[in-house]
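Colleague: Have a look at the structure that comes next, please.
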Amino acid sequence: MNYRQMKSVIEGLLFAAGDEGLDVKQIAEVVEMQPQAVSGLLKEMTEDFHREERGVQIVEIAGAYQLTTLPAHAPYFERLAQSPTRSSLSQAALETLAIVAYKQPLTRIEVEEIRGVKADRALQTLVAKNLIMEVGRADAVGRPILYGTTKSFLDYFGLAGLQELPEAALFQNPDDLEEETRMLFEKLDNHQQLTIDDVERNG
């Protein structure tokens with residue numbers, strides 16, 4: 001495999017790692033190269049991305065490398081995330097949001113253990129829509145991010161606090177996760193509608 005192909009592999013690894021990133025040693029072990037050679041490739045890739053004016057960049061945070069968007073593009077991401085409506089959320093995002101709401105704080109890996117599939121994209125979508133956020137770091141190898149819901153999540157569903165979440169059998173039977181998620185959000189929608197009706201009556 002030549003250097004161009006190896007750069008492509010490393011880019012894919014960084015994408016798959018999401019916001020937790022990978023350090024040089026982890027990448028070196030996966031691609032079976034010396035850490036020094038991997039460091040050189042990462043430096044070249046960082047320069048390549050900048051020179052080619054790519055829509056993502058490689059950054060190093062606390063020793064881990066990750067793919068991130070460009071700060072200059074923030075206004076466009078804000079437009080994309082303006083409305084956190086249900087219709088704009090995929091089933092994967094809804095399931096992930098339900099898991100975070102009931103199990104918070106928890107890491108990406110813990111979400112994936114419950115869902116049984118990758119959750120990178122869903123978590124990124126929910127963070128972009130300000131429905132979940134980073135609330136800390138787990139005391140584990142790599143210090144993975146802990147996620148929790150935001151005030152916007154509570155505001156959107158008309159909840160005073162997490163204690164008002166409807167009781168759910170979620171997580172008791174992972175095979176029924178999709179159906180139980182649908183029922184949960186129907187309950188939340190009903191709660192939101194009741195809150196709006198109360199306000200109108202009392203107004």
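The values are calculated or read from the model by the stated rules, or taken from the named source; none is laboratory data. Quick caveat, the model's predicted, so the values are computed rather than measured. Every residue, glycine as well, gets a Cβ built from its backbone with ideal geometry; the counts of neighbours run over all protein chains shown.
Colleague: Considering every residue within the range 104-116, establish whether at least one is farther than 15 Å from Ile132 by Cα, polar (S, T, N, Q) and surrounded by 15 or more Cβ atoms within 10 Å (Cβ to Cβ).
Modeller: No, the range 104-116 contains no residue that is farther than 15 Å from Ile132 by Cα, polar (S, T, N, Q) and surrounded by 15 or more Cβ atoms within 10 Å (Cβ to Cβ).
Colleague: Here's something else I'd like to know. What pairs can you find where one residue is in the range 111-136 and over 22 Å from Pro75 (Cα atoms) and part of a loop (DSSP other than H, G, I, E, B), the other is at pLDDT 90 or above and of a type in the set (A, V, I, L, M), and their Cβ atoms are less than 8 Å apart, with a gap of 6+ or different chains?
Modeller: Every condition considered, the pairs that remain are Ala119/Val111.
Colleague: Criterion first (assigned by TED's automatic domain parsing to the domain that holds Phe153 and modelled with pLDDT under 95) does Gly63 satisfy it?
Modeller: no
Colleague: What about Val56, is it in contact with a Ser or Thr (Cβ under 8 Å, 6 or more places away or on another chain) and either surrounded by 16 or more Cβ atoms within 10 Å (Cβ to Cβ) or hydrophobic (A, V, I, L, M, F, W, C) (or both)?
Modeller: So Val56 fits the description; yes.
Colleague: With respect to Lys43, is the statement that it is under 30 Å from Tyr3 (Cβ atoms), basic (Lys, Arg) and either touching a helix residue (DSSP H, G or I) at 6+ places or on another chain (Cβ under 7 Å) or crowded, with 19+ Cβ neighbours inside 10 Å (or both) true?
Modeller: Spelling it out, it is not the case that Lys43 is under 30 Å from Tyr3 (Cβ atoms), basic (Lys, Arg) and either touching a helix residue (DSSP H, G or I) at 6+ places or on another chain (Cβ under 7 Å) or crowded, with 19+ Cβ neighbours inside 10 Å (or both).
Colleague: When the range 68-99 is examined, which residues are found to be surrounded by 13 or more Cβ atoms within 10 Å (Cβ to Cβ) and modelled with pLDDT of 80 or more?
Modeller: Matches in the range 68-99: Thr68, Thr69, Leu70, Ala92, Ala93, Leu94, Glu95, Thr96, Leu97, Ala98, Ile99.
Colleague: Same structure, new question: More than 21 Å from Ser90 (Cα to Cα) and either modelled with pLDDT under 70 or touching a strand residue (DSSP E or B) at 6+ places or on another chain (Cβ under 8 Å) (or both): which single residue out of Val199, Val141, Val111, Val127 fits that description?
Modeller: Val199
Colleague: Out of (1) without any contact (Cβ under 8 Å) to a residue 40 or more places away in the chain; (2) touching a Leu at 6+ places or on another chain (Cβ under 6 Å), the odd one out for Leu14 is which?
Modeller: (1)
Colleague: Next question, about the same structure. So which residues in the range 25-40 are within 21 Å of Ala138 (Cα to Cα) and surrounded by 13 or more Cβ atoms within 10 Å (Cβ to Cβ), if there are any at all? Break it down stepwise before answering.
Modeller: The initial filter retains those residues of the range 25-40 that are within 21 Å of Ala138 (Cα to Cα), namely 25-26.
The answer is Gln26, and nothing else.
Colleague: Looking at this structure, is Ala16 assigned to a helix (DSSP H, G or I), of a type in the set (A, V, I, L, M), within 17 Å of the chain's Cα centre (by Cα) and closer than 30 Å to Leu165 by Cα? I'd like the intermediate steps shown before the answer.
Modeller: On the way: assigned to a helix (DSSP H, G or I): yes; of a type in the set (A, V, I, L, M): yes; within 17 Å of the chain's Cα centre (by Cα): yes; closer than 30 Å to Leu165 by Cα: no.
No; evaluated as a whole, the condition is false for this residue.
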